[in-house]
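What follows is one structure encoded as C-alpha cells, with my remarks underneath.
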Amino acid sequence: MHHMTLAEIARGLADKKFSSEELTRTLLARIAQLDPQINSFISLTEDLALAQAKAADARRANGENGALLGAPIAHKDLFCTQGIRTSCGSKMLDNFKAPYDATVVSKLAAAGTVTLGKTNMDEFAMGSANESSWYGAVKNPWNLEHVPGGSSGGSAAAVAARLLPAATATDTGGSIRQPAAFTNLTGLKPTYGRVSRWGMIAYASSLDQGGPLARTAEDCALLLQGMAGFDPNDSTSIDEPVPDYSASLNGSLQGLRIGVPKEYFSAGLDPRIADLIHASIKELEKLGAVIKEISLPNMQHAIPAYYVIAPAEASSNLSRFDGVRFGYRCENPKDLEDLYTRSRGEGFGSEVQRRIMVGAYALSAGYYDAYYLKAQKIRRLVKNDFMNAFNEVDVILGPTTPNPAWKLGAKNSDPVAAYLEDVYTITANLAGLPGLSMPAGFVDGLPVGVQLLAPYFQEGRLLNVAHQYQLHTDWHTRTPTGF
C-alpha cells in the first residue's frame, strides 16, 4: 500500500479494497522501521492518526466519498496543530504545543485527511538543505550522504521514501520546489494569498506560502483543493474562487506558449541539468507546446534583494520569541536584558541568528533606504519582468536548481553558496507567482527537477502541464533503492 499515490488511495478506499485504519497502521509501522535512516519526522501522532482513520472509515460507511477522506498525510512542523508540539525545527519552540489548528490543518482535517505526524524542517524555515534543524539534519532517501533540500526537506524525504503519499510544506524562496527537485517529487507553490497563512508560523510574511508536496501533479491537485480558499483570519488571503484543479489536468497542450528565459542557462547551471531541461522541452513540444525564448533581465538582482527582504521580515517576526510569553527561557536570568539575550542566544541556531542580524541591520536607521527600500524597488522590477513575459507566453519553464543535491555539510562553512542555489526559485516568491517543480531525470543517481511558472492564480495550468508531461514520462515513478 505504501507505493500508492493519493489518487490511487482514494480509489482503493472508495472500492473498499482496504480501510483507512489498515492503511494508517501500515504506514505508521513503516515510519517506525525506516524513518531513523532519514530523520524526516519530529513528532509522530499515532493516537490522533488512528482516531482520524476510524472516523474517516465511519464517514465512508455512511456514504461519504471525498477524495481526501481517509488519506494519510503529514504537516510541516510550522503549521500549528492543537495540543501537539509545533516546533519550527527549533529549540526555541521545542516545548510549544499550539492552542489551535492552522487553517490549512483544519481544512484538511475537515476533508478527512489522517495526520501521521509533523515533519522535520530547517529551523524557522531558514535554509536550503534541512541541516539547520535542532532535531538534526534530514537525509535524502536517494543518497543518505546528501541533503534533501530545504526548508521542507522533512516533508519531501518522507514522501520520497514512501512513508506517506503526500505532505504539506511551505515556500518562502523555493522551499517546496527545491526539495521536490532534490527528491524526485512534484511540489507546488501557489499564488501568494491562495492558501491561508493563519496558524503558519511566519518567516517572511510577504513571501511565505503553503502548498503540497506529492509524487504526481494529480496528487498535488487533490491536496491543493483541500488547502486553498479565502480565510477571513488571514489579512493576506485573497478572496478568489477556487477552481476544480483535478478537472483541468487533462486539457490539451496544443498551442500552449512556453517561455524559456535565456538568463536561466548561464555559466552557473550544471550542463547535465541543462541537457535534461532541454529534453523536457522537446517532450512538451511533442505534446503541442510552442517554445519561445524570453528574457528576465532583472533576475540577476533577485538573490541580493531577497536576502535583504526576507531577513528584514524575519527579524521583525522573530522578535516575539523573547523568553517571556512562550517557548524557550534561559535558566536563572539575572535581569530582563539577560533573560532576552540568553533566551534568544540559546534558543536560536546560528543560521537564524545570522538572518536576524542581517535583517535588523537592513532596517536600522540610516540603512533602511540604502538596503530595504532599494530591495523592494528591485522586487517591483522582477515582478514587471514577469508581467511583460506573460504578455507573450502562457508558462515559463527552466531548471528548478542549478545543481543536484549536495553532500551533507558541504556548504555549512559558506552560507552564501547555499543561498545561490535558490537563484531560479526566489523570483516567484518576490513576484508572488505560482510555481511548480516536477521530476525531469537524474544526474549521478540524484533527481533533477524542471520548474514551471504561470500568471497569478493559474495553478491549474501548471498542474495541467505537469500532469500531461507525467503521462508521457516515467521519472516521477522512480523509487529510491531501499525504500
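The values are calculated or read from the model by the stated rules, or taken from the named source; none is laboratory data. Small disclaimer: the values here were computed from a predicted structure and weren't measured. All Cβ positions, even for glycine, are placed from backbone atoms using ideal geometry, and neighbour counts span all protein chains on display. These area figures cover heavy atoms from the full protein model, side chains too; ligands, DNA and RNA do not enter into them. Shrake-Rupley method; radii C 1.70, N 1.55, O 1.52, S 1.80 Å.
Taking the criterion of being more than 26 Å from V393 (Cβ to Cβ) and in contact with a Leu (Cβ under 7 Å, 6 or more places away or on another chain), the residues of region 224-255 that qualify are G226, M227. Considering only residues that are open to solvent by 20 Å² or more (accessible area, probe 1.4 Å) and either without any contact (Cβ under 8 Å) to a residue 40 or more places away in the chain or not in a loop (DSSP other than H, G, I, E, B) (or both), look in region 267-276 and name the one that is nearest to I378 (Cα to Cα). Applying the filter and picking the extreme gives A267. Being open to solvent by 10 Å² or more (accessible area, probe 1.4 Å), touching a residue at least 24 places away in the same chain (Cβ under 8 Å), within 16 Å of the chain's Cα centre (by Cα) and more than 19 Å from T24 (Cα to Cα) is true of G127.
Just so you know, in region 84-99 the residues that are in contact with a strand residue (DSSP E or B) (Cβ under 7 Å, 6 or more places away or on another chain) and open to solvent by 50 Å² or more (accessible area, probe 1.4 Å) include one that is nearest to A157 (Cα to Cα), and it is R85. On inspection, L381 fails the criterion of being within 30 Å of A454 (Cβ to Cβ), part of a helix (DSSP H, G or I) and modelled with pLDDT under 95.
Among the residues in region 180-193, are any buried (at least 17 other Cβ atoms within 10 Å of the Cβ), in a loop (DSSP other than H, G, I, E, B), at pLDDT 95 or above and polar (S, T, N, Q)? Looking through region 180-193, at least one residue is buried (at least 17 other Cβ atoms within 10 Å of the Cβ), in a loop (DSSP other than H, G, I, E, B), at pLDDT 95 or above and polar (S, T, N, Q). Residue-level check: of (1) open to solvent by less than 10 Å² (accessible area, probe 1.4 Å); (2) farther than 18 Å from T103 by Cα, G211 misses just (2).
Consider region 223-266 and keep the residues that are open to solvent by 50 Å² or more (accessible area, probe 1.4 Å), within 18 Å of E293 (Cβ to Cβ) and assigned to a loop (DSSP other than H, G, I, E, B). The one that is modelled with the highest pLDDT is F265.
Taking the listed residues A310, A279, A362, the one that is within 30 Å of W134 (Cβ to Cβ), touching a residue at least 12 places away in the same chain (Cβ under 8 Å) and within 26 Å of the chain's Cα centre (by Cα) is A310, with no other qualifying. Look at I303 and say whether it is touching a Leu at 6+ places or on another chain (Cβ under 7 Å) and either of a type in the set (G, A, S) or under 29 Å from G359 (Cα atoms) (or both). Yes; evaluated as a whole, the condition is true for this residue. Pairs are defined by a Cβ separation below 7 Å, a sequence spacing of at least 6 or placement on different chains, a first member in region 32-43 that is free of Cβ contacts under 8 Å to residues at least 24 places away in the same chain, and a second member that is open to solvent by less than 20 Å² (accessible area, probe 1.4 Å) and of a type in the set (S, T, N, Q); no pair meets this definition. Of everything in region 22-38, what is within 20 Å of the chain's Cα centre (by Cα) and surrounded by 22 or more Cβ atoms within 10 Å (Cβ to Cβ)? Give them in sequence order. Answer for region 22-38, where residues must be within 20 Å of the chain's Cα centre (by Cα) and surrounded by 22 or more Cβ atoms within 10 Å (Cβ to Cβ): just I38. Let me confirm something: among S152, S132, S205, which residue is small (G, A, S), touching a residue at least 24 places away in the same chain (Cβ under 8 Å) and open to solvent by less than 10 Å² (accessible area, probe 1.4 Å)? Every option except S152 fails the conditions.
When the criteria are applied in full, T170 meets the requirement of being buried (at least 24 other Cβ atoms within 10 Å of the Cβ), within 15 Å of N120 (Cβ to Cβ) and hydroxyl-bearing (S, T, Y). Within region 39-67, the set of residues being open to solvent by less than 10 Å² (accessible area, probe 1.4 Å) and either closer than 16 Å to G112 by Cα or among the acidic types (D, E) (or both) comprises A49, A53, A56. Counting only helices (runs of 4 or more DSSP H) that fall entirely inside region 283-373 and contain at least 3 residues that are open to solvent by 80 Å² or more (accessible area, probe 1.4 Å), the qualifying elements are 336-347, 350-363. Residue check: R197 meets all listed conditions (1) within 25 Å of A161 (Cβ to Cβ); (2) not in a helix (DSSP H, G or I) but one, namely (1). Only a single item in (1) of a type outside the set (K, R); (2) modelled with pLDDT under 95; (3) within 24 Å of Q209 (Cβ to Cβ) is not met by D322, and it is number (3). In summary, helices (runs of 4 or more DSSP H) completely within region 395-483 and bearing 3 or more residues that are over 30 Å from M4 (Cβ atoms) and either open to solvent by 50 Å² or more (accessible area, probe 1.4 Å) or in contact (Cβ under 8 Å) with a residue 24 or more places away in the chain (or both) occur at 415-419, 426-431. Within region 136-189, being farther than 12 Å from I38 by Cβ and among the hydroxyl-bearing types (S, T, Y) holds for S151, S152, T168, T170, T172, S175, T186.
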